[in-house]
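The values are calculated or read from the model by the stated rules, or taken from the named source; none is laboratory data. Note that the structure is predicted; figures quoted are calculated from it, not measured. Backbone-built Cβ (ideal geometry, glycine too); neighbour counts: all protein chains shown. Protein only, heavy atoms only, side chains kept; ligands, DNA and RNA dropped before computing areas. Shrake-Rupley method; radii C 1.70, N 1.55, O 1.52, S 1.80 Å.
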Amino acid sequence: MSSVSVKKRFVRFRRIGVALLLFCLGLSMVIVVADEAPLVRKNVSFVHAGNILQGVLVLPGTAATLDSCVIFVHGSGDMPRDAYGYYKPLWHLFAEKGWCSLSWDKPGVGDSEGDWQLQSMENRASEVAAAIEFLRTQMDKGEGQIGLIGFSQAGWVLPKVANQRDDIAFLISVSGAVNWMAQSRYSGRQRMTAEGLSGQEIEAAEEGADAVNALIQSDAPYAAYLSHIAGEVDVKPMSEAFWGFVKRNWRADVRTDLQALHVPMLALFGSHDAYVDPEPSADAYRQLLGLSAVSFFEVRLFDHADHGLMKAEQIKPAHQGAAAWLTLLKIWFLEGDTFADGVLDSLANWLDKFPEPGIKLAREDD
């Protein structure tokens, strides 16, 4: 077969592949539009630290007034209001239970002003408090139930907010880490293991990471960091903005805030989490919540679930390259079916514990 024929056949197959992809995307859009018809979306904005933050308020189609709402608190990185589609199945689930959802583009992302890399966890807690105050203006007489659901890094944010207020109904933490530095070491090891590095290579890399962490903990300037890694092969330096972000937040540790908590909490973890060590983290949450003044709590560890509680058969980072695109495709096409078995049921059962404002439930330690 000539090279011209091969090239023509390749072009033909590529066109067919593109056509099939477009067809599937169009079909998925039809399905999504049909599925989302009962929801009402309202673009909203509020101000925090002088920045206008743009977001969305998702309402059940039959809701006449706002009396129960869940505020979404993002994890790390450049996160838009819908977390690239990841939140949509959760919005639907909450709407079916009569709860609205509020989410917004992180500072400097999408239509929001500011820069999330300039924030500390305390700043993030203050931002959530501003969202709560805004939501109260949308509720009848400013009254109603407000719950918070947070993902990954938000695990350091949720308890801070709840401990500063008396109007939070509950917290839901998805894959919340306990300690910043411990999480960083765990995720780094999982990434290197997935890349096929030997034990000796991982130990050497961890020694290098420890040296960088020592610079962070000593409040070293960015120039010192660049000088430290100069000449290293295959090392992509973190940006100056992110260097500052890490220096502001490396002390993050949830233990004190969890033990001081007085708000019911649901903490969910996945057995195949490549970013947060699931079993020790779940154990720590059980112990600390057991010492707290919360009326009840629940801690669950789901089998074959990753950092986002989506189905997984191996512990593997999925935030870069082809793995990230595959994750997005799963979210876009599978939506709720991408979550591990029992996750959505657990969330639905948790919401059933809060049928009306003001109802007190007996402690149900897990």
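With a 1.4 Å probe and all protein chains kept in place, how do Leu291, Leu90 rank by accessible area, largest first? Mind showing how you got there, number by number?
Values: Leu291 105, Leu90 5 Å².
The ordering from most to least exposed comes out as Leu291, Leu90.
Order these peptides, 79-86, 205-212, by their mean beta-carbon neighbour count within 10 angstrom, highest first.
On the way: 79-86: 19.6, 205-212: 13.5.
By packing density, highest mean first, the sequence is 79-86, 205-212.
If you roll a 1.4 Å probe over region 218-349 with all protein chains in place, what percent of the accessible area is carbon or sulfur?
Using a 1.4 Å probe with all protein chains present, region 218-349 comes out at 53 percent carbon and sulfur.
So what are the ³J(HN,Hα) numbers for region 69-83, from phi and the Karplus equation (6.51, -1.76, 1.60; θ = phi - 60°), rounded to whole Hz, Gly and Pro as x?
8, 10, 9, 8, 10, 5, x, 7, x, 6, 10, x, 4, 9, 6
Quickly rank 143-153, 293-303, 325-335 as a protection proxy: mean count of other C-beta atoms within 10 Å, highest first.
Packing proxy ranking, top to bottom: 143-153, 293-303, 325-335.
When Lys and Arg each count +1 and Asp and Glu each count -1, what net charge do the other residues less than 12 Å away from Gly147, Cβ to Cβ, add up to?
Once positives and negatives cancel, what remains is +1.
Local charge sum around Tyr84 (other residues, Cβ-Cβ under 13 Å, Lys/Arg +1, Asp/Glu -1)?
Surrounding charge for Tyr84 is 0.
What does the highest-first list of 336-344, 281-289 look like by mean Cβ count within 10 Å?
Top to bottom by mean Cβ count within 10 Å: 281-289, 336-344.
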